[in-house]
């Protein structure tokens, strides 16, 4: 291969990204352009800010799911943890007798979420059980405990320290036909994404997560404390879910124990579309961000087109099947290539005449 061809191939690979982030970004751009042509209202600042606002909670939840998938598992209890931590904190502050303030309220919720995540992590790591089965069970346990011991009533008015943030904006733009507002809660979502990207790429803890997801036995032989890493990952995921639960209730300016559970499909689909391998050991924050935005853009597009909500769920399910199918085909091809390389005869040396 000539040097220009090799340079072009290398450039194309960098543009595509290790987890096909470039391809996903191109698809997202095509969807935005297509929807803008079909409906000019779509390509406006209020719509962009609305999509960003709707993506805050899914993004935080998806970042937690990304950690679990890289680790080699599937978690379906994160939504139950989110609503448990958020609703329990609001109930604690209800009536104005104990207004913890914004920071302390988030701290309480994060502690609750971390403890629930630790239960998942300890059971999975200690007994080496499948993550899907364990989290399916704990999802029901957490939801039942919430309704039994915390309560099941709808809270229409949040405490003042939380209600005030519900209408706060970090950016307000005046337009001819109204105003575009970007909610302040987009800041913690962006900060979490940046911090998690740094942890995964620059720290030993992040490399350990990838190593365990790639080959858990090899990670053990390499000296990685697998049980400790697994437990801590689930604790972090629980804390992130709790953060998302609090933000969800702040954005909705109300609290209910019957929210969020049932949205797991959208979150997992976004992470898988973002290039995270369901087989573990691969995934990126950038891909997850793009996956969340793609799902939100598609949902918003279907709403503008007047498509019923049932078909919106079908569209997300179809995206998940496509994403998993592409990963399975790629894994099969990679396995075939390795098999051919292993059985290929080594070139014989030609003796000098």
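Brief remarks follow.
- When 250, 224, 209 are screened for being outside any helix (DSSP H, G or I) and surrounded by 16 or more Cβ atoms within 10 Å (Cβ to Cβ), only 224 passes.
- Residue in the range 17-36 that is more than 25 Å from the chain's Cα centre (by Cα), more than 21 Å from residue 319 (Cβ to Cβ), assigned to a helix (DSSP H, G or I) and at pLDDT 80 or above present: no
- Of the residues 219, 269, the single one that is buried (at least 18 other Cβ atoms within 10 Å of the Cβ), free of Cβ contacts under 8 Å to residues at least 60 places away in the same chain and more than 26 Å from residue 191 (Cα to Cα) is 219.
The values are calculated or read from the model by the stated rules, or taken from the named source; none is laboratory data. If you're wondering where the values come from, they're calculated on a predicted model, not measured in any experiment. For neighbour counting, all protein chains shown are included, and Cβ atoms are generated from backbone atoms with ideal geometry for every residue, glycine included.
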